[in-house]
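Everything below concerns the one structure shown next.
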Amino acid sequence: SLGRRLRTYSIVGIQIVQYAGASGDYNPLHTDEIFTKEVAGYLSVFAHGMITMGITGRLLTDTVGDGRLTRYGVRFTAELAGDDLSASATVTAVDTVDGAPIAEFSLETKNQDGVVVLSGSAAARLDP
């Protein structure tokens, strides 16, 4: 049915470091506080955008099940560090493609201040 699902997650500094290790992305903007502040001019290190994409994607797979996404695309719209995130997925349409129902989703993830840090869309196969 058409509607909205919402999940809330908190990103803490250790997750940023763990993600850097898992992905091999040790860009100092994500891992080195001194470099980030003094050289790059940012307020603090910030999380990899893919962490946000993963959190939002988990909302989708928790909702429709693993292996059902047929499309998933996002745009990162703001930096985040030790943020509390609220990911939402709104079903905007349900169509039939090749005899199978496909749900279309509008996606949005916001931080604790209501700033949109990710927007996007997805589609997923549903049970007939």
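Consider the stretch 35-50. How many of its residues are closer than 18 Å to Gly114 by Cα and not aromatic (Phe, Trp, Tyr)?
Residues flagged as closer than 18 Å to Gly114 by Cα and not aromatic (Phe, Trp, Tyr) within the stretch 35-50 amount to 2.
Can you name the residue in the stretch 10-45 that is open to solvent by 50 Å² or more (accessible area, probe 1.4 Å), of a type in the set (Ser, Thr, Tyr) and not in a loop (DSSP other than H, G, I, E, B) and is also modelled with the lowest pLDDT among such residues?
Once the filter is applied, the top-ranked residue is Ser10.
Counting only residues that are part of a loop (DSSP other than H, G, I, E, B) and open to solvent by less than 30 Å² (accessible area, probe 1.4 Å), how many does the stretch 46-66 have?
4
Residue by residue through the stretch 67-122, note down the ones that are of a type in the set (Asp, Glu), open to solvent by 60 Å² or more (accessible area, probe 1.4 Å) and within 16 Å of the chain's Cα centre (by Cα).
Glu79, Asp84, Glu108
The values are calculated or read from the model by the stated rules, or taken from the named source; none is laboratory data. Note that the coordinates shown come from a computational prediction; the quantities given were computed from them, not determined experimentally. The protein model used for the area step is the full one, side chains on, heavy atoms only, and it has no ligands, DNA or RNA in it. Shrake-Rupley method; radii C 1.70, N 1.55, O 1.52, S 1.80 Å.
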